[in-house]
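Input: a single structure, listed below in structure tokens.
The values are calculated or read from the model by the stated rules, or taken from the named source; none is laboratory data. Everything numeric in this text was worked out from a predicted model, so none of it was measured. Quick reminder, even Gly has a Cβ in these numbers, built from the backbone with ideal geometry, and neighbours come from all protein chains shown.
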Amino acid sequence: MKESRKDIVLFCEQKLISLRDAYLNTLRRPIPKDLNSPESIDQAAREQKLRDSIYFRDRIKAILPDILSALERIKDGTFGICEATGNQIEDRRLKAVPWTKVSIKAIKEAA
């Protein structure tokens, strides 16, 4: 049986809330202090770990506004509507990237 649009929106809302909470918790935690301790494996490994941590935080900071915006669109009833075409965004795209604002069709047409 095909999922209803309401079920997909509910699935996306739960996923977005979970991501929002996890990302906010990550940003609240300080960068691990052991990265600078002499007990760490070696300088190169410490530096790589620090770069990875900073990169991950930067990615979170870039995606978090989109997640918050998607939750607002759910509240105001515009979630799942393509900003480029005004049509519904494909269910599979919403489930994969619930913060998206454009459909696969719109992306292909813009290319």
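Looking across segment 83-96, the residues that are out of contact with any Asp or Glu (no Cβ under 9 Å at 6 or more places or on another chain) and free of Cβ contacts under 8 Å to residues at least 60 places away in the same chain come down to Glu83, Gly86, Asn87, Ile89, Glu90, Arg92, Arg93, Ala96.
Which residue out of Leu50, Leu64 is within 19 Å of Arg28 (Cα to Cα) and over 20 Å from the mean Cα position of the chain (by Cα)? Step through it out loud before you land on a result.
Numbers: Leu64 fails: over 20 Å from the mean Cα position of the chain (by Cα).
Residue meeting the stated conditions: Leu50.
Find all pairs meeting these conditions: Cβ atoms under 7 angstrom apart; at least six residues apart or on different chains; first residue within segment 58-73 and under 11 Å from Lys101 (Cα atoms); second residue in a helix (DSSP H, G or I) and modelled with pLDDT of 95 or more. Once the first residue is under 11 Å from Lys101 (Cα atoms) and sits in segment 58-73, its partners that are in a helix (DSSP H, G or I) and modelled with pLDDT of 95 or more give Ile67/Leu16; Ile67/Leu19; Ile67/Arg20; Ala70/Leu16.
For segment 67-111, which residues satisfy the criterion of being in a helix (DSSP H, G or I), surrounded by 15 or more Cβ atoms within 10 Å (Cβ to Cβ) and of a type in the set (D, E, K, R)? Matches in segment 67-111: Arg73, Asp91, Arg93, Lys105.
Exactly one residue out of Ala84, Ala70 is within 30 Å of Ser4 (Cβ to Cβ), aliphatic (A, V, I, L, M), in contact with a Pro (Cβ under 7 Å, 6 or more places away or on another chain) and at pLDDT 90 or above, and it is Ala70.
The rows are residues; the columns are (1) in contact with a strand residue (DSSP E or B) (Cβ under 7 Å, 6 or more places away or on another chain); (2) farther than 17 Å from Arg20 by Cβ.
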position: Arg57; (1), (2): no, no
position: Leu64; (1), (2): no, no
position: Leu68; (1), (2): no, no
position: Arg73; (1), (2): no, no
position: Gly80; (1), (2): yes, yes
position: Val97; (1), (2): no, no
position: Thr100; (1), (2): no, no
position: Glu109; (1), (2): no, yes
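Applying the criterion of being part of a helix (DSSP H, G or I) and charged (D, E, K, R) to the residues of segment 1-24, the residue that is farthest from Arg93 (Cα to Cα) is Asp21.
Scanning segment 25-66 for residues that are more than 30 Å from Lys15 (Cα to Cα) and in a loop (DSSP other than H, G, I, E, B), we see that the one that is modelled with the highest pLDDT is Asp42. Put simply, of Ala84, Ala70 the only residue that is of a type in the set (Gly, Ala, Ser) and within 12 Å of the chain's Cα centre (by Cα) is Ala70.
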